[in-house]
Amino acid sequence: MRKPPSPRRSADDRLFRLGTGFFAFLVVLLVGGIAFELYENSRLSIQKFGFHFWQTTTWDPVAGNFGALPFIWGTLYSSLLALVISTPIALGIAIFLSELSPRFLRTPLAFLTELLAAIPSIVYGLWGIFVLVPIVRQIEVHTPDWLKKVPLFTGPPLGVGMLAAGLILAVMVIPFTSSVAREVLKAVPATQREAAYALGATRWEAIQAALRYGRTGIAGAIMLGFGRAIGETMAVTMVIGNNPRINSSLFAAQHTMAAVIANEFTEADTDLYLNALIEIGLVLFVITLVINALSRLLIWSVNREVKVEAVTKAAATALPEAAA
Amino acid sequence: MNQAARRKLLSGFVVGLCALAVVAALIPLALILFYVVEQGFSSLNWDFFTKMPKPVGETGGGMANAILGTLMLMAIASVLAIPVGLIAGVYLSEYGRTAFATLVRFTADVLNGIPSIVIGIFAYGLAVLPVHRFSALAGGLALGFMMLPIVARTTEELLNLVPASLREGSLALGATRAQAAFGVMVPAALPGIMTGILLAIARIAGETAPLLFTSFNNRFFTTRLDQPIASLTVQVFTYAISPYEDWHRQAWAGALVLVAVVFVFSVLARVVTRRLERMHRT
């Protein structure tokens, strides 16, 4: 007969659970701390400008007038542009690696695409300044005149600007979207594809069935990439031109929320200026927090469904195997 | 053309597009690596590692102070983040099914996606604003906050690779949960955890944004924690946006060092994780 655990031992275990749990709690505390501190340190600006801060376009530190609309515009514009470029490519990679690639190519190709995520942002920026921007400038110089009348392509050929920022962001975001999308596709049960094939589907139609099954997770993967693009700082600030003026043109120099913080934080000579920059940081924090939380929930929801399915499938296949 | 042929053609077309997408992503990777190696390699020399920066206008010199600065910042970040992250990871692996563990896991993943510049503002408010001075400590703090979720999640994942029978065996022999976790499970997963942590350090070493207004920059040699300190990344940034040819050269050399460090650790981490997975697969 087993003895019940001694009181000392169960007390030890409780202490262990509480102790390690405390350290785990620090992670949660950190997020709360960031929210609280950013709010505290941007109160001057929040009180003075209120919601007006996000509706006006004047950014004049000398006069003490701060409106953050150009930065929101630039952040959304560059991130959406990056998303438009990166999503088809990232999904193509995910489909190729999970459904089509020969086995021997799978691991090296996955490693290479994920290497894109490991390259530091500052290296992307350096490469952007000296390699990408000159290329973009050439594209802009050679844009035909009739096309330059379209609002999307107006302005002088600077090289630096929205197009360069969108391109570099797209490259940086691809590995995040593609690796999560690949995980999602990997988690889609093989029966989905087999059923499609059994009904006479072509390869692409079977892939569509898998994509449809994992669509929430795929949406999560795309959102994760969007969150990355919104918060990206160094590479963008080095190629976007840092001009706080709303412009619809891809060729125009513009600005983003993260870039203005990086550029002007150490120059902020008044408390109000500093508070205005921190308020931009606070909003950046809230936006990325919400986007990340949503994307994680979407990704997790797929994984959980799949896990349940895998369990029932294992139970179903266990019997014939045992008989054999 | 009949419908079946059209469907087959479309299918082949899309398959081709997917292959093209892989190529489309590999082209920028190849271009970046090519330029970094080409430009960086010709600029990298012994002086880069041993000499101090020269004043504006003089050519030559190196980034000795920035390299030391980055190493110090990494040390501070590691001291702060590794113990906390490791123990948090142990909790997540031991009590992973509780609602609280799910919350922590979720928060850690979300924290991972918070822009590094925001973490920089947070560290600024904690360690720079109260004393009105940029410092190595503030920079290390910012990097430590970024490392924490990665270390916690890596530890958890690698502990989950260790077979549960090890824990059960030690509990059956009368060990407490703490003894089973820290005496049996963590040592079994240690090679993997250490590689994961090294990879996290290598990645964090490439961060620039959170250092801009925490550790700032310093043209001189310093080891003091309460003073601004140079770092490889901020130095590369300063040189990259400068108008001087020789500084651009050094920026490329710095970029090569950063990429090389990340690349070596990525390969190493992949090899070790694979070996561990093979070892524990029965």
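Coordinate-derived values only; no laboratory data. Computed from a predicted structure; not experimentally measured. Note: ideal-geometry Cβ built from the backbone for every residue, glycine included; neighbour counts use all protein chains shown.
Neighbouring Cβ atoms from other chains, within 10 Å of the Cβ of residues in B:261-272, number 2 on average.
Nothing charged except the Cβ atoms of Lys and Arg (+1) and of Asp and Glu (-1): what's the magnitude of the dipole of the stretch B:241-282 about its Cα centre? Round to the nearest 20 debye. Show your work: numbers first, answer last.
On the way: 6 positive and 3 negative charges, 110 e Å.
In total the dipole reaches around 520 debye.
In order along the stretch A:22-27, phi translates into HN-Hα couplings of 4, 5, 5, 5, 4, 5 Hz, rounded to whole numbers, per the Karplus curve 6.51 cos²θ - 1.76 cosθ + 1.60 with θ = phi - 60° and x for Gly and Pro.
Under 17 Å of direct C-alpha separation, and excluding same-chain neighbours fewer than eight residues apart, residue A:148 reaches these aspartates and glutamates: A:140. Amide H to amide H, with H built 1.01 Å from N, residue B:217 comes under 5 Å of B:229, counting only residues 5 or more places away or on other chains.
Phi-derived couplings, Karplus 6.51 cos²θ - 1.76 cosθ + 1.60 at θ = phi - 60°, listed residue by residue for the stretch B:108-124: 4, 5, 5, 4, 4, x, 6, x, 5, 5, 5, 4, x, 4, 4, 5, 4 Hz, with x used for Gly and Pro. In terms of its C-alpha gyration tensor, chain A comes out oblate, because a/c is 1.5 or above while a/b does not outweigh b/c.
Only one residue of A:229, B:200, A:125 has its Cα farthest out toward the positive end of the dipole of the protein assembly as shown, where Lys and Arg carry +1 and Asp and Glu -1 on Cβ, and that residue is B:200. Database remark: amide H of residue A:59 closer than 5 angstrom to the amide H of A:67 (H placed geometrically; neighbours at sequence offset of 5 or more, or on other chains; Pro and chain starts carry no H). Looking at the stretch B:108-171, none of the GluC sites (Glu not before Pro) sits in a DSSP loop with at most 12 other Cβ atoms within 10 Å of its own Cβ. Distance from the alpha carbon centroid of the stretch B:16-52 to that of the stretch A:240-290 works out to 29 angstrom.
Positive contributions from Lys and Arg (+1) and negative ones from Asp and Glu (-1), summed over other residues with Cβ under 13 Å from the Cβ of residue B:92, come out at 0.
Please say if the stretch B:48-280 is rounded, prolate or oblate, where rounded means a/c under 1.5 for a ≥ b ≥ c the square roots of the C-alpha gyration tensor eigenvalues, and otherwise the choice is prolate for a/b larger than b/c and oblate otherwise? Can you show the working numbers first?
Values: a/c = 2.80, a/b = 1.97, b/c = 1.42.
It is prolate, given that a/c is not under 1.5 and a/b is the larger ratio.
Candidate cross-link partners of residue A:48 among the aspartates and glutamates, defined by an alpha-carbon separation under 13 Å and a same-chain spacing of 8 or more, comprise A:271, A:279. Restricting the trypsin sites (Lys or Arg not before Pro) of the stretch B:89-174 to loop positions (DSSP other than H, G, I, E, B) with no more than 11 neighbouring Cβ atoms within 10 Å leaves B:97. Based on DSSP H segments of at least four residues, each scored -39500 (n - 2.57), chain A has a per-residue ellipticity at 222 nm of -24000 deg cm²/dmol. Each residue of the stretch A:82-91 was assigned a 3J(HN,Hα) from its phi angle through the Karplus expression (A = 6.51, B = -1.76, C = 1.60, θ = phi - 60°), giving 4, 5, 4, 6, 7, 4, x, 5, 5, 5 Hz with x at Gly and Pro. Dipole size of the stretch B:48-280 about its Cα centre, with +1 on Lys/Arg Cβ and -1 on Asp/Glu Cβ: approximately 240 debye, rounded to the nearest 20.
Overall shape: oblate for the stretch B:1-132, with the ratio a/c of the largest to smallest alpha carbon gyration tensor axis at 1.5 or above and b/c at least equal to a/b. For chain B, modelled as a GNM whose springs connect Cα atoms under 10 angstrom apart, the maximal fluctuation among B:180, B:25, B:260 occurs at B:25. Within straight-line reach of residue A:186, meaning a Cα separation under 20 Å, sit the following aspartates and glutamates at least 8 residues removed in sequence or on another chain: A:99, A:114, A:194, A:205, A:305, A:309, B:157, B:277. From helices alone, chain B scores -24000 deg cm²/dmol at 222 nm; the rule is -39500 (n - 2.57) for each run of n ≥ 4 DSSP H residues, then divide by the residue total.
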